[in-house]
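Read through the structure below, which is laid out as structure tokens, and then see the notes.
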Amino acid sequence: MRSLSSTRFGALLALVLLAPVPAATAQEAAKASLEKVADFPHQVTGVTVSEDNRIFVNFPRWTEDSPVSVAEVAKDGSIKAYPDDEWNAWRNARKDELAPQQHFVCVQSVVADKRGGLWVLDAAAPAQAILVPGGAKLVKIDLKTNKAVKTIAFDEIAAPQGSYLNDVRFSVDGRHAFITDSGAKGALLVVDLESGKTVRVLDGHPSTQVEKGLVVQADGKPLRRPDGRGVEFSADGIALSKDGAHLYWQAIKGSKLYRVPTKDLTERAMAGRDVADLVEPFGNNGVADGLLIGRESGDMYVSAPQEDAVKIRDLDAGPNAEPKILVKDARLRWPDTFSEGPDGVVYITSSHIQDSAFFKPDAPASLPTELWRINQGNAQPK
């Protein structure tokens, strides 16, 4: 074989160096894989990982009278009611016996605040139907004492009948919470965590509503209930930018991502002023459920239930950037909620919504689901 001259070698090297470099997302996608963390006998939605690497999940009371609402996941994948059995004692069949203010009614989300607290968002609407009066709330549990230390109750102005509080994020300074309402009339809630004051904003605004004409699919066909109704979830996924400057959200029955400056949102909401003009469309994610922005990368993780996939998007590239598939796996039956552990590992629940009795009447009331971790090569589980 003839050797290359130094001139030809230099030219070839220059071509290699000048060739387009695949985006980081493409490199990560080539390495990403799923690893199962736990199997659950009930339908899971939320997951969160605390700063000391404890894992918590929740089971909404949708198609079964779930025996546990919030649980801690042990290293062997088993679950234990958290913080105790009493908070998890609510049952639909016992609703006249137990005070909804001191029990989990229908929990949709759990989020560790990285300040030693676990916050539980209780939509209090079993089967996503009638909201139990006095049940909608945000509960803080001290992770050192494993005791509930604060409850912020939402009245009928903040959470009216027809609402379904879905997910929550916390401001960088820890003073405020931001909540999506994916119910009949989408909205955002801004909560002062010290005083408990809660303001409902963007109620009925196009950015928080279902997208007309869009049909959510699963397994390659429209996902519909036996009576013909499709997926109708409003504002759902929510994420805070790496620097905390912007809050992002979108509807499940929607493809568009929106954002708003967090500081302006908070100031105007607490002052009772309109925030609609602050809303900025920020490109297209496609149909998505959960959103997460990486703590170090600042990239947005997007759950893609139509594709059994997780996508990743470079937010710094602007609103025209498209999410790229990070991992696609048939076992991701409705990828739902994300959480990032202290080691950088991203976790996601698979809630199997398309397999539930809502859409398949012969499905079991207690629907088996899973928790996964995404191994990306750049972060490994400890």
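The values are calculated or read from the model by the stated rules, or taken from the named source; none is laboratory data. Treat the numbers as computed from the prediction; the structure is a model and nothing was measured. Backbone-built Cβ (ideal geometry, glycine too); neighbour counts: all protein chains shown.
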Of the residues in the range 235-259 that are among the charged types (D, E, K, R) and assigned to a strand (DSSP E or B), the one that is nearest to residue 185 (Cα to Cα) is 236
Scanning the range 242-273 for residues that are surrounded by fewer than 18 Cβ atoms within 10 Å (Cβ to Cβ) and touching a residue at least 60 places away in the same chain (Cβ under 8 Å), the one farthest from residue 300 (Cα to Cα) turns out to be 272
Those residues of the range 317-341 which are surrounded by 14 or more Cβ atoms within 10 Å (Cβ to Cβ) and in a loop (DSSP other than H, G, I, E, B) amount to 321, 323, 329, 332, 333, 334, 341
Residue 288: passes all of (1) in contact (Cβ under 8 Å) with a residue 60 or more places away in the chain; (2) surrounded by 23 or more Cβ atoms within 10 Å (Cβ to Cβ); (3) of a type in the set (A, V, I, L, M); (4) out of contact with any helix residue (DSSP H, G or I) (no Cβ under 6 Å at 6 or more places or on another chain) but (1)
Filtering strands (runs of 3 or more DSSP E) wholly in the range 34-153 for at least 2 residues that are surrounded by 22 or more Cβ atoms within 10 Å (Cβ to Cβ) and within 21 Å of the chain's Cα centre (by Cα) gives 47-49, 55-58, 70-73, 107-112, 117-122, 137-142
Within the range 295-311, the residues that are touching a strand residue (DSSP E or B) at 6+ places or on another chain (Cβ under 7 Å) and within 13 Å of residue 248 (Cβ to Cβ) are 299, 300, 301, 302
From the option list 308, 289, single residue qualifying as within 30 Å of residue 343 (Cβ to Cβ) and either over 14 Å from the mean Cα position of the chain (by Cα) or among the hydrophobic types (A, V, I, L, M, F, W, C) (or both) is 308
Selection from the range 364-378 of residues among the aliphatic types (A, V, I, L, M) and at pLDDT below 95 yields 365
